[in-house]
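Just so it is clear, none of the values below were taken in a lab; they were calculated from the coordinates. This is a predicted model, so every value here is computed, not measured. Virtual Cβ from ideal backbone geometry, glycine too; neighbours counted across all protein chains shown.
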Amino acid sequence: MTVFNNPHLLGFDHFERILDRAAKASAEGYPPYNIEQTGENNIRITLAVAGFTMDDLQVSVEDNQLVIRGKQQDDSHQRVFVHRGIASRQFQRAFVLAEGIEIVGATLDNGLLHVDLDRIVPEPEVKTIKIQQGGTRSQTIDMDGE
């Protein structure tokens, strides 16, 4: 039984799936990354993507995830390596986004891919529910007799 099966947490079962996905994604080790807070409502994710060009990288939002993909062009058939210690490999790194997070932009600078995010803080909404006297709730009657 998980914490999200608590009867007081109604409608939070999708968070459990999101946390499972995030845990699986964090097990990946390449490329290394930093997440830093750059302002009160601003976050920057920085990935070390040395050797990748802008054409090799793709940043997208899929459902509630920021997905960053990299795939280098294979030109090894044009070269003769005496030693090959730098692997050209592809990667995919996904970050689960909370409600109200927007991607501001992405920049590639000296082998570092920076993705800037803003958190939109909504105004708190207060909704008053009218309390009715018991027994005054109207019932719907099916006129077809069913």
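For the charge dipole of the stretch 30-119, defined by +1 on Lys and Arg C-beta atoms and -1 on Asp and Glu C-beta atoms about the Cα centroid, which residue among Gln58, Ile86, Gly100 has the Cα displaced farthest towards the positive pole? Of the options given, the answer is Ile86.
Residue ranges 125-135, 44-54, 98-108 sort as 44-54, 98-108, 125-135 when ordered by packing (mean number of other C-beta atoms within 10 Å per residue, highest first). Can you tell me the FRET efficiency between His77 and Asp118 if r is taken as the Cβ-Cβ distance and R0 is 41 Å, rounded to the nearest 0.05? After rounding, the FRET efficiency stands at 0.40.
Please give the FRET efficiency for Ser88 paired with Glu62, using the beta carbon to beta carbon distance and R0 = 25 Å, rounded to the nearest 0.05. Don't skip to the answer; put the middle values down first.
On the way: r = 25 Å, r/R0 = 0.99.
Once rounded, the FRET efficiency stands at 0.50.
Sorted into 5 angstrom bins from 0, the C-alpha pair distances of the stretch 30-119 split as 3, 12, 23, 22, 16, 10, 6, 4, 3, 1, 0 percent. Spacing of the modelled spin labels on Lys127 and Leu108, each 7 Å from Cα toward Cβ, amounts to 4.5 nm.
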